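Data block below; observations after.
What follows is calculated from the coordinates using simple rules that are stated; it is not laboratory data. Computed from a prediction, not measured in an experiment: that's the story for all the values here. For neighbour counting, all protein chains shown are included, and Cβ atoms are generated from backbone atoms with ideal geometry for every residue, glycine included.
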Amino acid sequence: MDPIRLSRGMFSGLIETVGEIAEITPITAGMRMRILTRLGRDLSLGDSVAVNGVCLTVSWKEEADFYAEISPETARVTTLGELTPGRAINLERALRADSRIGGHFVLGHVDEVGQVDEIREEENFYMLKLCYPPSLASFIVRKGSIAVDGISLTVSGVSAQRFEVQIVPYTWQHTNLRSAKVGEPVNLECDIIGKHVVKAVKEMHGESESR
């Protein structure tokens, strides 16, 4: 028997495979996306899958693909509303109850959309610099964790408007980062532990949440 998965939005940020958008169809409330992936045969109806870091629910599946519905709000506040057929997307199934956490806790709830600002190939890694909205300034710290399109990464440097991450060759080759281009939007989810710490500190000082 397959171990129980934490089916409601708990991920590690370690991408299992790169899929491809096969079709996007408008529906009464939002849109339906068909995703080509080898994971199709291992999914069940109702399973949660992180698609570029966004937690979606499997509504139908075949051996080599699955369908998921995207609400208007999700399309608005993430990059999913801008994707087109043929695009490569990062996929990760929800964690199993007995899983080791190799990345960090990712909920699949995107905080904001950022933008790729610079891509540079170094000797042993790739350097990415990304712009982020001011609302995330309190949550992005050097050596802290962040999910970029669902990928668990470590912040190697941060300024008032940008942060940088170093991508090892394996991650570059096994995620959709290999097709990233300057100017493209990306989904950003900050570390949940950091967000709770910031919230607690604000409450201690009598500050209300801005979002």
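In this Cβ point-charge picture (+1 for Lys and Arg, -1 for Asp and Glu), the range 17-93 has a dipole of about 40 debye about its Cα centre.
So what's the range 129-186 giving for Rg/Rh, alpha carbon basis, Kirkwood Rh from the mean inverse pair distance? Present the calculation step by step, with values, prior to reporting the outcome.
On the way: Rg = 11.3 Å, Rh = 12.0 Å.
On the Cα set of the range 129-186, Rg over Rh gives 0.94.
Can you tell me the mean projection area, over all orientations, of the convex hull of the chain's alpha carbons? Units nm², please.
Working: hull surface 50.1 nm².
If I average the Cα hull's projected area over directions, I get 12.5 nm².
Between Val197 and Ser156, the simple spin-label model (points 7 angstrom out along Cα→Cβ) gives 2.2 nm. When its C-alpha radius of gyration is set against 2.2 N^0.38 Å (N residues), the range 17-93 gives a value of 0.96. Would you be so kind as to identify which of Leu177, Asn187, Val197 lies farthest towards the positive end of the dipole of the range 112-204, taking Lys and Arg as +1 and Asp and Glu as -1 on Cβ and the Cα centre as origin? Comparing the listed Cα positions along the dipole, Val197 ranks first. Each label point was placed 7 Å from the Cα along the Cα-to-Cβ direction; for Thr57 and Arg76 their separation is 2.0 nm.
Listed from fewest to most Cβ neighbours within 10 Å, the set Arg178, Arg93 follows the order Arg178, Arg93.
Filter the GluC sites (Glu not before Pro) in the range 10-103 down to the DSSP loop ones having no more than 10 other Cβ atoms within 10 Å, then list what survives. Write out the running numbers ahead of the final one.
On the way: sites: Glu16, Glu20, Glu23, Glu62, Glu63, Glu69, Glu73, Glu82, Glu92; in loops: Glu16, Glu62, Glu63.
Taking the range 10-103 and a limit of 10 other Cβ atoms within 10 Å, the loop GluC sites (Glu not before Pro) found are Glu63.
Roughly how many debye, to the nearest 20, is the charge dipole of the range 112-204 about its Cα centre, given +1 on each Lys and Arg Cβ, -1 on each Asp and Glu Cβ, and no other charges?
Values: 10 positive and 12 negative charges, 51 e Å.
With only Lys, Arg, Asp and Glu charged at Cβ, the dipole is about 240 debye.
With the helix formula -39500 (n - 2.57) applied to DSSP H stretches of n ≥ 4, the chain reaches a computed 222 nm mean residue ellipticity of -3000 deg cm²/dmol. Taken about its Cα centre, the range 1-144 carries a charge dipole of about 340 debye when Lys and Arg each add +1 at the Cβ and Asp and Glu each add -1 at the Cβ.
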